[in-house]
Structures are given as C-alpha cells and as structure tokens.
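Worksheet: one structure, shown below.
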Amino acid sequence: MKLDRRRFLGLSAASVGAVAFGGRAAALQAPWAVPRKWYDGEVRTVFSYCENCFWKCGITVKVEGGRVRKIDGQKQNPKSRGRLCPRGQAGVAQLYDPDRLKRPLIRVDGSERGEGKYREASWEEALDYVAERMLKIKEQYGPEAVAWFGHGSGDSWFVEYLPAAWGSPNAAKPAVSICTAPRETASQWTFGRPIGGHEPVDWTESRYIVLIGHHIGEDTHNTQLQDFSEALRRGAELVVVDPRFSTAASKAHRWLPIKPGTDLALLLAWIHVLIKENLYDRDYVQKYAVGFEELAVHSNKHTPEWAEEITEIPAETIRTVAREMAAAAPRAVLPPGRHTVWYGDDTQRMRAVYILNALLGNYGMPGGFYLAKKPYLEKYPHPPFPLEPAAGGCSGSSGGEEEVPEGFKPRADKGKFFAKTTAIQELIEPMLSGEPYPIRGLVCYGTNLFHSIPNVPRTKEALKKLDLYVAIDVLPMEHVMWADVILPECTYLERYDDLVAIAHKTPFVELRQPAVEPLWDTKPGWWIARELGLRLGLEKYFPWKDVEEYLDTRLQLIGSSLEEMKQKGTLIQRGRPYLKDWERRRRNPFGTPSGKIELYSKTFAEHGLDPLPDYTPPMPVPQGFYRLLYGRTPVHSFAKTQNNWVLMELKPENEVWINREEGRSLGLRHAEYVWLENDAGVREGPVRVRLTERIRRDCVYLVHGFGHKGRGVRLAYGRGASDNALQTRYVLDPISGGAALRNNFVKVVKGAPRPQRKRIGQLVRERRL
Amino acid sequence: MARYAMLIDLAACVGCAACAAACVLENEAPPGHNRLWIRQRELGAFPDVTVEYRPEQCLHCEHPPCVPVCPTGASHQTEDGLVLVRAERCIACAACIAACPYDARFMNPAGYVDKCTFCEHRVARGEDPACVETCPTGCRVFGDLDDPESPLHAWLTEAKRVDVLRPEMGTAPKLLYLNTPSKRGLANHESEVES
C-alpha cells in the first residue's frame, strides 16, 4: 500500500499536467460520487460472538441498509471489553466474500476425489445422498466407521451432538491433539483441573512473567493481549524464552534465545535452583502439594551448568532468573501457552512448567493462576445419548480407564497414548489400514484437513479410500473440494449456534445470533445437523423444532430466556478465582487422585510413565538442514482467514525467517523467492526470504496458514508457503496423544520464480459480483 | 473549540493492525488503499535486537503543508485542529498528496482525496476514533490538549520519551509517539513495511 502511494507521488511529480487534467475530469464527478457513509444511515446493533479465531469474543454487529457494516467489541463482555483484534474487525469481509460456497454440491459421478468436478444439488438431494451412504456404512461396518472432525464453535453439532446420537466414538478436533493436548493432560494430572479455552493466568496482578515459546502479540487472543499489555504497564517484568525474537520478546526485559527443543532442561534447572537455594514457597508446597521429597532428590542432577550445555543459556542467567521469579513470587507466573505439541515429550515439559508454578506458590493466588469456573448452564433435556463424545475441547479431559458402553467399540486411536481425548491424526491410519477396525466415512466440519493434520500426502491417500467424505464449510478450501458432498454453511454472522459457556474469572454464557439472513442457499450448522439426524433415524434426539426453541429451553432452565439473551448478549455469573474463595466454602479445587497438587504423579508411575519430568533430547537436525519452527501473524487465524480481503491486504503472504548471517552464508538476498524442501524431499513454496537478526542460526520460521492450493479461494491461492505441507513427520506424545510437529527439517533451495500474483486490491475489484 | 491530538505508546504497540482493520471498515477505505498502516523495523544485531512497531496515519499537523496548496479550499483545517478534506469541493488535483511529507493521503477512486479524519463523525458523538476504541493493547489515547481533564496530559507526563515524525518539517504534528523502543527515538529509515 505504502509503495502505491510512493509510486503515485513519483508519477505526479513527473507529469503534473496529466494528473491535473485527469483531476479536472474527476472533479466533475465528485459532488455526486462522494458516497454516503453507512454511519449516517439507520444503524441497528446485534449482540453475538466472534468466530474469526476461537477465543469467542463478544461482539456488537452494526447493520445498516440490510448489510453488516462494522463489528466492534461488546462492551459488557468479559472477553472483548469493547475491543477487537484485526480478525474480529474483518469478519464483514468474510460474510461478503464472493468465493463462498453458495449451494450444495455433489461430486460428479466417475470423477476422482481431488479432481474438483461438481454439480449443484438441492439440500434435499444432498442430505438424502449423505444419509443413504452413512446408513450403508453403519449397516456394513457399524456406526464407529464414520469419523467426525470439527473445528469452530459450530462444531458442537458435528463432534458432540450428532456423533453421540449416531453412536460413533471417533469424533475429534484438531484443537486437541494438534494444539493443546499436552498442557491439558499435564494440568489434569498436576492440578486436577483443566487449563481450558481461556488460560486462567492472572496477568494483571502478576509482577514477573516468563513466557516459553508463547507468542502473545502474534497470537492476538484479545483478552490475553489486553491483560498482558496492562501487566506490562503496571510494571511487570517479562522474560521470553524463544529461539526467535518474537513480538513478545520485543517487550521483554530479558530474552533467552534458547536452543530449540531444550526448554525442558531449562525448566528443570530452574526447579533445581528454587529447591537448592531454598527459594520455593515452603508453606504453600507443604499445604497444597505432594511429592516434594521425590522432586528434590530428582532435581539434584539438573544443575544450571548441566542446563547451560544443553540450552546454550548461561548458567548465571538461569540462576538470576530463578532468583528473580522467586523474589516476585507468588506474583510470578509461567503461563502455559496454547500450542504445546512441539517435540514429543510435551506433557512432561508442561508438567515441569506447572511444577515450577507450584513451587512459586502461585496456583490459585493473585498474580499466578486463578481458578476458572464454568458458568451454570443446563443441557437440553433430550433422551440420553448412547455415547459420551471424547473429542474434548481446547480443554482435554484426563486419562486413565474409560468405560465403553455395551454394544459399542472403543475409539480407533485407543491404546496408543494415555489421555482420554481423541487424537485426530490417529484416526487417519484406520482409514488406510482398516486397523484396529475400518473407518469408511468422514464428516468434516470446518477442519482444514490439509493445513492442520501432519503428513498431508497420507491424509490424501486416506481420503481416496473412503466410501463417503462430507465437508461442511464456508469456503471452497482445497480439502473441501475433495468431498463427495459439500454442504455450504452460512457464516457466523448469519446464524445461531449453541450457547457457549466460558470458564473464566467471572464465568459467563454467550449467545450467537444472526445479524442478517443467510446469503445464497447456505444453511446454519444446527439446521444441517438436525436435517441429517432426522434422515439417519435419530429423530428422538431432535425433539426441538428449531434452534430458537432449543436455546430458549436451555436458557429458561437457568432462569433466563432467549429474548433476554438477545438483548444482553452476555450473561455474567460470579466466580471463585482464588484458593481463599474455595477454602471459605470448604471446597477442594484439586481434582487429582491425592486431592493435592501432584509434583510427583503416582498415576503416571503406575502406568509406566515418568512420574517426574526428565529431559530427553529432541530429534537432531541433519547436516545442511534447519529446524522448521512456525507460529502466527496477528492478522490471520490458522489457515482460515487467507481469503479475507481486509486481512490479506494487511498480510498477503508469509516469509521464511532466516538468520541474516546464516542467510548470507547461503548466498541469499532479502526478499528473494526460494523453495523449502524437507528431509523427506517434499518441496514447498515459492516463499519470500526474510533475512533477520531476530532468529537463531539453527532454525527457520514460517507463519502458519499460507500456501493455499485450492483455486476456489482466489485471494488465498498461491501465496506463501504452507508449514503443514512440510510437516510430513510427527512424534506422538505417548501421554497426551499430541502430534509433535517441530521434528521437521528443511533446507533452502534457491532459484524459485517470483509467483505471478495480482495485488490483493486489484483482485478484490475484479472479484466483485 | 478543542485541540484534538492522539498519542501512541510504542512500548505497548505490538503491530497487530487491529487499528488498520477497524479503520478500513469504519471509513470504507477502498481495496488497495488505506488511511492507516503499520511500519515494522528491527534494530540492532542478534542477540541484542529490538523491534519498533509504528502505526502511521494523518498527523493532523498544526501547520499542515497540505492545506495552503489546495486550490479550492477542499483541504482545510477545522477550528478543532482537524485537517480534513471536503470531498465535494475536491478537484482531485493531488497537490495535497504531493505536499504531505508523511504520505498520509491517497486518491479515492471515487474522485477525491481521502485520508484519516481522526473519525470526526465519531468524535462528534463523543466517541473515540475507531482505531483507539478497538486497540487490544490500549496503546492509543485520543483527547483534547486544551482540556486539563484529558488523559493525554498524564500520558505525556509519564512518558519516558515523546517523539514526532520528521520534526524538521516544522509541521507540529498532533499525533505523538511515546516511549520509542530505541533510545535514539523513532526509526527513520525506509524499511520493511507491513500493510
């Protein structure tokens, strides 16, 4: 954009006459060409919650002339507090995206999956088609042979409600095993409580914050960014541990450029210093924790000198930071982060994070972790489902034994790891091998199969084998255009969804309601789920006629109503954030087997897992390769928003970050295009080089979500490189089932052509309907 | 009468561009143009490095070079110190675009010069500009310099450092930057630009 203006300036200086002439012609138009602004019209506001990432901020949608014009943060909402990130702001552009799926599509007979040949169909025909084939699979293989993948708040219909009614345990979310599974499993077995979708870090009360690979500012989770900024304003000290100088690092008092994959060694050394120098909170540990003796013995060997060799962080720095955090404790905190599937020992790393927090005595204390509570909300009184879904949310449930109801098979991923939540990537193999039993059908709601699950070639092979693959989505992403049937959902601004209950300092319930009618022949998820359910013979689970009745019933049960929620948007309840609030009521917040914080986990020991975390080196980087790190840009969510013109103008492609000196030694120039090739020979790109001082020499970094290959998403197509395409390998975390993704290595291949892509602004103008 | 000004605390800004997105939607900037953009610049060498994230837009100068060059009076300064364009008087001669030392103006394809207005339509209703209202880091504050109650004064007093863009131009901007990450002030070379 900036360049645009410059170029214009250059032109105008060179040819004043021409510009002036053009100007006069334009002047004739001006008086009536000045468009009336939307805010001068009659503006209606609608309360809802956002869907452009999965933080679920309350929003106030402004509608004028039958169109959504602007989206703002809902002032009364504890998540947004009247503010929104760029993605929330830009939701309007998704609603009016001309590339959207407009009506149901059925793959043309005789065409292959992936060829993208479709014919339009009515909803009636498309739903009948799906139901008929699903029932056939059920008859031949059983209900468990249909897998259900879901991502986004509408997924409750497709990984919880419908599969539970249908009777398939194979329902999964990428948000679990490709993201948060380790931190949730570790939290369950250390504190006996989940972290949950909204990390319960008491940011603003904290005086010392240590971020480990946690990219606040680049992941613009609204509330978290607000609280983080406020904490810094109030004078909190910040330490950032990251091989890359992240945005958060630019706000830090200390940046520790750790060798990738060695974080656990650093954490163990900090535990060592806190114990050896007697800096831990003795009273807190005695009162609330078990297993300190074992931990103290175990940590003897983890000296800062030992950690220095592994992490490349000086032993003295390790000691200083440990002393500083102890001095600030209990108002010192090591937040859990979110995407924690890194190297394969991730649950143990997260255990070490939590043990450190416990030693600082901050769990349930101001400035540490507060105790998040779910709001009171009743389920709709439908007949009990045959199965309890185990897809998990951002908060996974714990591990251990699990009962399978009579007549149903256990999950297809079972036995591979310890946690109870389903690992989405482990459901791909049964599609190919038929082991432990065949998965023949897939219903995929909003999950980007080619930009989230590692080993995309394997996923493509698996899709080819299925009897039925149904995609429910908003945009014609590449993976959507592989489906047998495509059911176009309307966007979050055009529909109701189920209520969301947010566990928070002040628990609350949010309503999503339509701001405008669905465009084209698109339908809301609840309608699709219900119509499908009726056709699958599950009518007894759908006693409600429409979602308004469903929502109103749920709200009436807690003394509210749909009408009230429409006016309020957010229903706030009282929380119990600190230990003293629980003690006053004689309640114990710790749901562990011992009822205390488990520094040493007996359960882990009984299951043959390390009861205390220990360091295991990550997979070594082969000669000539770099470790591929990845992360976020503040203006995009995963691979979901790269067709949104407002966001694409802000960030149209990703770059590969390479240390400047390292890049020079490879003969690379800043901004030239290269290929990235992983050690399995997969090539991705072209992608622009960003030579930078902000990263170590042994790794490279890509922002996730670019490199779209679906031609139907015309803005996203062919821009940047996909990290997921290069992640052909993952290491299974044996405890959480997480797919550790930072075990992929790439080399830089010169000579890639500069992609011939039009500017976003020009494409937007051409795309106009 | 007021003397409106905006402060941006660069110690808090993370360059997330929520302001830029809010501006596009609020003011309906056409695709390919924007009234507000973010510059990102890295300073120093590994491992002693820092980054400046700097949102830029019209600075609503006290002495705006873009006003006297306008042949029709479309480009003007209000009594409240806002520098605005009357679209219906604009003949799209682009003289003001050339005169602005900050590249803050662009030619709207509808045939007039467009730029940041500090969301005067919102200010008139007693609201903050869209960029201020949405900022998740709260790094922006808007107010009246002549109003002793305005939070501007506390921000200015507490700031470790206050800078303006290109002070040598003598334009007296009313968009001021606080707490630059570099001790030497604002990064002043052309560099990587996001948005």
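Of all residues in the stretch B:106-121, count the ones that are on the phi < 0 side of the Ramachandran plot and over 11 Å from the mean Cα position of the chain (by Cα).
Number satisfying all stated conditions: 10.
Step by step: first the residues of the stretch A:422-458, then only those that are among the aliphatic types (A, V, I, L, M) and assigned to a helix (DSSP H, G or I), then the one that is surrounded by the most Cβ atoms within 10 Å (Cβ to Cβ). Which residue is that?
Taking the candidates together, the pick is A:Ile424.
Could you tell me which numbered condition A:Glu461 fails, if it satisfies all but one of (1) in a loop (DSSP other than H, G, I, E, B); (2) surrounded by fewer than 18 Cβ atoms within 10 Å (Cβ to Cβ); (3) not hydrophobic (A, V, I, L, M, F, W, C)?
The failed condition is (1).
Quick one: is A:Leu612 part of a strand (DSSP E or B), at negative phi, more than 14 Å from every other protein chain (Cβ to nearest Cβ) and in contact (Cβ under 8 Å) with a residue 12 or more places away in the chain?
Spelling it out, it is not the case that A:Leu612 is part of a strand (DSSP E or B), at negative phi, more than 14 Å from every other protein chain (Cβ to nearest Cβ) and in contact (Cβ under 8 Å) with a residue 12 or more places away in the chain.
Restricting to the stretch B:36-58, what's the tally of residues that are under 13 Å from B:Gly15 (Cα atoms) and either in a strand (DSSP E or B) or modelled with pLDDT under 95 (or both)?
12
Select from the stretch A:337-358 the residues that are small (Gly, Ala, Ser) and crowded, with 24+ Cβ neighbours inside 10 Å and list them in ascending order.
Within the stretch A:337-358, A:Gly344, A:Ala352, A:Ala358 qualify.
Are any residues in the stretch A:706-733 part of a loop (DSSP other than H, G, I, E, B) and more than 17 Å from A:Pro457 (Cα to Cα), and if so, which ones?
Hits for the stretch A:706-733 are A:Phe706, A:Arg711, A:Gly712, A:Val713, A:Arg714, A:Leu715, A:Ala716, A:Gly718, A:Arg719, A:Gly720, A:Asp733.
Considering only the stretch B:111-139, how many residues are aliphatic (A, V, I, L, M), free of Cβ contacts under 8 Å to residues at least 60 places away in the same chain and more than 10 Å from chain A (Cβ to nearest Cβ)?
1
Name every residue in the stretch B:152-169 that is within 13 Å of chain A (Cβ to nearest Cβ) and touching a strand residue (DSSP E or B) at 6+ places or on another chain (Cβ under 7 Å), in order of residue number.
B:Trp155, B:Ala159
From the list B:Ala130, B:Ala172, which residue is of a type outside the set (D, E, K, R) and surrounded by fewer than 19 Cβ atoms within 10 Å (Cβ to Cβ)?
B:Ala172
Give B:Cys93, B:Cys100, B:Cys61, B:Cys19 a once-over and let me know the one that is touching a Pro at 6+ places or on another chain (Cβ under 8 Å), of a type in the set (A, V, I, L, M, F, W, C), in contact (Cβ under 8 Å) with a residue 12 or more places away in the chain and at the interface with chain A (Cβ under 7 Å from one of its Cβ atoms).
The conditions single out B:Cys93.
How many of the residues in the stretch A:626-672 are surrounded by fewer than 24 Cβ atoms within 10 Å (Cβ to Cβ), touching a Gly at 6+ places or on another chain (Cβ under 7 Å) and within 12 Å of chain B (Cβ to nearest Cβ)?
1
Of everything in the stretch A:691-717 that's farther than 23 Å from A:Pro622 by Cβ and of a type in the set (D, E, K, R), which residue is farthest from the other protein chains (Cβ to nearest Cβ)?
By that ranking, first place goes to A:Lys709.
Criterion first (closer than 15 Å to A:Ile318 by Cβ and in the same structural domain as A:Glu308 (by TED's automatic domain parsing)) does A:Asp242 satisfy it?
Here the answer is no, as A:Asp242 does not meet what is asked.
Is it fair to say A:Leu571 is on the phi < 0 side of the Ramachandran plot, in a strand (DSSP E or B) and crowded, with 18+ Cβ neighbours inside 10 Å?
yes
Tally the residues that are closer than 19 Å to A:Pro634 by Cα, facing chain A (nearest Cβ under 10 Å) and either touching a residue at least 60 places away in the same chain (Cβ under 8 Å) or in contact with a His (Cβ under 6 Å, 6 or more places away or on another chain) (or both), restricting the search to the stretch B:43-58.
Of the residues in the stretch B:43-58, 4 are closer than 19 Å to A:Pro634 by Cα, facing chain A (nearest Cβ under 10 Å) and either touching a residue at least 60 places away in the same chain (Cβ under 8 Å) or in contact with a His (Cβ under 6 Å, 6 or more places away or on another chain) (or both).
Can you give me the number of residues within the stretch A:673-689 that are within 14 Å of another protein chain (Cβ to nearest Cβ) and either buried (at least 21 other Cβ atoms within 10 Å of the Cβ) or touching a Pro at 6+ places or on another chain (Cβ under 9 Å) (or both)?
The qualifying residues number 1.
So B:Cys16 passes all but one of these: (1) buried (at least 23 other Cβ atoms within 10 Å of the Cβ); (2) within 14 Å of the chain's Cα centre (by Cα). Which condition number does it fail?
(2)
If you scan the stretch A:533-561, which residues turn out to be out of contact with any Phe, Trp or Tyr (no Cβ under 8 Å at 6 or more places or on another chain) and in contact (Cβ under 8 Å) with a residue 60 or more places away in the chain?
A:Arg535, A:Gly537, A:Lys540, A:Phe542, A:Pro543, A:Leu557
Quick one: which residue in A:Gly364, A:Gly337 is out of contact with any Cys (no Cβ under 9 Å at 6 or more places or on another chain) and closer than 13 Å to A:Asp281 by Cβ?
Exactly one of A:Gly364, A:Gly337 is out of contact with any Cys (no Cβ under 9 Å at 6 or more places or on another chain) and closer than 13 Å to A:Asp281 by Cβ, namely A:Gly364.
Checking A:Thr60 against (1) of a type in the set (S, T, N, Q); (2) touching an Asp or Glu at 6+ places or on another chain (Cβ under 7 Å); (3) assigned by TED's automatic domain parsing to the domain that holds A:Trp482: exactly one of these is not met. Which one?
Among (1) of a type in the set (S, T, N, Q); (2) touching an Asp or Glu at 6+ places or on another chain (Cβ under 7 Å); (3) assigned by TED's automatic domain parsing to the domain that holds A:Trp482, the lone unmet condition for A:Thr60 is (3).
Would you check which residues across the stretch A:64-121 are within 14 Å of chain B (Cβ to nearest Cβ), in a strand (DSSP E or B) and among the hydroxyl-bearing types (Ser, Thr, Tyr) and list them?
Across the stretch A:64-121, there are no qualifying residues.
If a residue counts only when it is within 30 Å of A:Ala423 (Cβ to Cβ), which helices (runs of 4 or more DSSP H) contained entirely in the stretch A:266-362 have at least 1 such residues?
Result: A:292-298, A:304-311, A:346-359.
Where in the stretch A:152-251 are there helices (runs of 4 or more DSSP H), lying wholly inside it, with at least 1 residues that are within 14 Å of another protein chain (Cβ to nearest Cβ)?
A:222-233, A:247-250
How many residues does the stretch A:252-273 contain that are out of contact with any Asp or Glu (no Cβ under 9 Å at 6 or more places or on another chain) and either among the hydrophobic types (A, V, I, L, M, F, W, C) or closer than 19 Å to A:Pro336 by Cβ (or both)?
Count: 7.
Within the stretch A:736-753, identify whether any single residue is aromatic (Phe, Trp, Tyr) and in a loop (DSSP other than H, G, I, E, B), and answer yes or no.
The answer is no, given that none of the residues of the stretch A:736-753 is aromatic (Phe, Trp, Tyr) and in a loop (DSSP other than H, G, I, E, B).
Can you find a residue that is part of a loop (DSSP other than H, G, I, E, B), under 28 Å from B:Ile38 (Cα atoms) and out of contact with any Lys or Arg (no Cβ under 8 Å at 6 or more places or on another chain) anywhere in the stretch A:669-677?
Within the stretch A:669-677 (the criterion being part of a loop (DSSP other than H, G, I, E, B), under 28 Å from B:Ile38 (Cα atoms) and out of contact with any Lys or Arg (no Cβ under 8 Å at 6 or more places or on another chain)), the answer is yes, since at least one residue qualifies.
Against the condition within 14 Å of another protein chain (Cβ to nearest Cβ) and within 30 Å of the chain's Cα centre (by Cα), how does A:Gly761 come out, does it pass?
Against the criterion (within 14 Å of another protein chain (Cβ to nearest Cβ) and within 30 Å of the chain's Cα centre (by Cα)), A:Gly761 qualifies.
The values are calculated or read from the model by the stated rules, or taken from the named source; none is laboratory data. Because the structure is predicted, anything quoted here is derived from the model rather than measured. Ideal geometry is used to build each Cβ from the backbone, glycine not excepted, and the neighbour counts take in all protein chains shown.
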